[in-house]
Amino acid sequence: MNTGISSLLLKTGTDIIPQSGAGFKPETIAGYAFLPESAQQFIHSAILLYQPTFSEARLLTEAAVDLHQWGSLSADQLAKQLQSQPDHQHKKFIPQFLRAVENQRAAAPRYGAAGQIPEKKSPGTVVSHIRENKVFGMCPVASEKTVCCNLRTIDAVTDCALGCNYCAIQTMFSSDHVAVDANLAEKLRSIQLDKHRFYHFGTGQSSDSLLTGNRFGILDALMEFCRANENVFLEFKSKSSNIAYFEDKFQADTKALPRNMFFSWSVNPQVFIDAEEPHTAPLSRRLRAAKKMVEMGFKVGFHFHPIAYFSDWEKHYLELCDELLAQFKAQDIVFVSLGSMTIPRSVRKKIRSSGLRTNVTKNLTHANPENKLTYSPEIKQMLFSKLYEHLSPLRKEVFFYLCMEEAKYWHSTFGFCYETNAAFESAMLKAIGEKTSGRISPK
């Protein structure tokens, strides 16, 4: 009698009932519902046949979800391959299966195939809301465990419609709506700042800075805030190309816009944008928008964050670097940041529950000091060093930094690291002040 898993897979989903001694239920794992029936049957069959521990059954199910999202072999197909091998042993099947999935995880994703990864579901609508919460604070991922610039944030908009597969914003808010604070102007007026020091504020930590434009007067309020606080450098960080508000204001009056603001774009190769940033502006439109802001007299920044490791990554990223060097002068650029793909475990769970096809969870085999998933030290250092080396024409005049990375990567990439986050903040403020307005912030 054949007692192998292949025979059990002939049963229907309703015939197979998990009887794990640990009482594990695969249905409780994020993303299980999106698995094809054959993969679901495999999981139940494996639990019946191999009697794994609770932990093993959970890992087995999560591995099946990951395989499905990567678009590689399905769990049942991988199982059949393993069982057909001459050295297959019943008692070692679960460890063998999990090891095989980890080998798949360590394989570099291959982007660029047409139709490889489907579009994300439609984004939500933009609404206004009235809340008693403050709109300003510190960067939500600020930490003493990694080197941090002490960025201040203005949460003018919460949640994001761009739907990048790796983004932590998807775990910060529960609504399907992009919400604009209806009392933003009033709340901005209430912010108490030390007039004798400089500040770097950003509006792109809880949503995209430009995507919603001036809906509900958001940009009007932020312009008023800039004019009232000349010691603030306000950064608009985006993956959008929606600069129409600023173009219209500038065309009407070249002096209408405050000069203590600058604009930055997150950049990645287009093959990665197509696959993992489905509702963002194409790279060409982002760079075109940045160029227009430079022509209007504003400075720009570029965030190579997250840098993704994939097949042919070096070719695509170096082409991106060449594009920046061709289109922008060092005097146009405030800073360039580098940061690797790093995902909180809560985000990985959210990714699994989405049912999307994505490769952003591949190669995340290590944990950083905050227990977030990231690449191995070897991969991270290779990514940083290659990009920094290729952008060498900008080094003398542009401020480079690593975003939320450990001090050891600063030393291996730049040859130094700031002793404290306060020292990093001071150096960045000085660089921003010199570029944006000729003012040098206090040490």
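The values are calculated or read from the model by the stated rules, or taken from the named source; none is laboratory data. These numbers were taken from a predicted model, which means no experiment stands behind them. Note that each Cβ is placed from the backbone with ideal geometry, even for glycine, and that neighbours are counted across all protein chains shown.
Points to keep in mind about this one:
- For region 119-167, the candidate set comprises residues that are more than 30 Å from residue 356 (Cα to Cα), in a strand (DSSP E or B) and among the hydrophobic types (A, V, I, L, M, F, W, C); within that set, the residue that is modelled with the lowest pLDDT is 136.
- Test: residue in region 249-264 that is at pLDDT 95 or above, under 26 Å from residue 287 (Cα atoms) and either among the charged types (D, E, K, R) or not assigned by TED's automatic domain parsing to the domain that holds residue 333 (or both): yes
- Which listed residue, of 347, 360, 336, is assigned to a helix (DSSP H, G or I), on the phi < 0 side of the Ramachandran plot and among the aliphatic types (A, V, I, L, M): 347
- Search result, residues across region 220-240 that are surrounded by fewer than 21 Cβ atoms within 10 Å (Cβ to Cβ) and part of a loop (DSSP other than H, G, I, E, B): 229, 230, 231
- When region 91-113 is filtered for residues that are part of a loop (DSSP other than H, G, I, E, B) and at pLDDT 80 or above, the ones remaining, listed by number, are 107, 108, 109, 110, 111, 112.
- In the set (1) under 22 Å from residue 275 (Cβ atoms); (2) over 17 Å from the mean Cα position of the chain (by Cα), the condition left unmet by residue 334 is number (1).
- Counting only residues that are modelled with pLDDT under 95 and closer than 27 Å to residue 277 by Cβ, region 205-236 holds 13 of them.
- Some residue of region 290-302 being in contact (Cβ under 8 Å) with a residue 40 or more places away in the chain and of a type in the set (Asp, Glu): no
- Check on residue 116, touching a helix residue (DSSP H, G or I) at 6+ places or on another chain (Cβ under 9 Å), at pLDDT below 75, farther than 21 Å from residue 371 by Cα and not charged (D, E, K, R): yes
- Taking the numbered list (1) β-branched (Val, Ile, Thr); (2) over 14 Å from the mean Cα position of the chain (by Cα); (3) farther than 25 Å from residue 424 by Cα in turn, residue 360 passes all entries but (2).
- Lone unmet requirement of (1) crowded, with 16+ Cβ neighbours inside 10 Å; (2) out of contact with any Leu (no Cβ under 9 Å at 6 or more places or on another chain); (3) more than 14 Å from residue 26 (Cβ to Cβ) for residue 58: (3)
Yes/no matrix, rows are residues, columns are (1) of a type in the set (Lys, Arg); (2) surrounded by 15 or more Cβ atoms within 10 Å (Cβ to Cβ); (3) out of contact with any Ser or Thr (no Cβ under 6 Å at 6 or more places or on another chain):
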site: 316; (1), (2), (3): no, yes, yes
site: 326; (1), (2), (3): no, no, yes
site: 329; (1), (2), (3): yes, no, yes
site: 350; (1), (2), (3): yes, yes, no
